[in-house]
Amino acid sequence: MERRGYWGCLVADGVFAGLCPACGGDLTFAEVESSTCKSTGGRLCSFGFDDEFERVLGFFEAAVGASPRVFQKLWGYVSLRRELAAVAPTGMGKTSFSTVMALFLGEERLQIIPYSFRRRSL
């Protein structure tokens, strides 16, 4: 079955190993869309946020001027607890998320942002 994402782009099913905030198991894109853990049946957003995560959300809103997206909230929650490689399509907010987290965490994290450029022929 063909699935379309937020901007109408085709979406491939992905599995993020060990990133489910409800059970600690694998997290699929379908679970994120439905906001439900398939293992426990619980809501992904029903876990309790601690004070540090609430500070991250407030810091993000102050820095960016908007609330973080669902994936950015998930990445923020996970990155406070362990290392994270944010893998997502273009336009999902990886750069803004990683920049805000680098500012929030200070010298505790290393931020690597891959980029590409095309060399123009003269």
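The values are calculated or read from the model by the stated rules, or taken from the named source; none is laboratory data. None of these values were measured; they are calculated from a predicted model. Please note: Cβ atoms are built from the backbone with ideal geometry, for glycine as well, and neighbour counts cover all protein chains shown.
So here's what we get for this one:
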| item | result |
| --- | --- |
| Number of the exception - M92 against (1) farther than 14 Å from F16 by Cα; (2) in a helix (DSSP H, G or I); (3) at pLDDT 80 or above | (2) |
| Considering residues of the range 33-77 that are among the hydroxyl-bearing types (S, T, Y) and at pLDDT 80 or above only, the residue surrounded by the fewest Cβ atoms within 10 Å (Cβ to Cβ) | S67 |
| Conditions (1) part of a loop (DSSP other than H, G, I, E, B); (2) touching a Lys or Arg at 6+ places or on another chain (Cβ under 7 Å): number failed by S39 | (2) |
| Top-ranked residue in the range 33-82 [being of a type in the set (F, W, Y) and within 16 Å of T99 (Cβ to Cβ); ranked as farthest from the chain's Cα centre (by Cα)] | F59 |
| Residue count, the range 78-98 (criterion: surrounded by 15 or more Cβ atoms within 10 Å (Cβ to Cβ) and in contact (Cβ under 8 Å) with a residue 24 or more places away in the chain) | 6 |
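Here's the yes/no breakdown for (1) under 19 Å from P89 (Cα atoms); (2) without any contact (Cβ under 8 Å) to a residue 40 or more places away in the chain:
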position: T36; (1), (2): no, yes
position: R43; (1), (2): no, yes
position: F59; (1), (2): no, no
position: K73; (1), (2): yes, yes
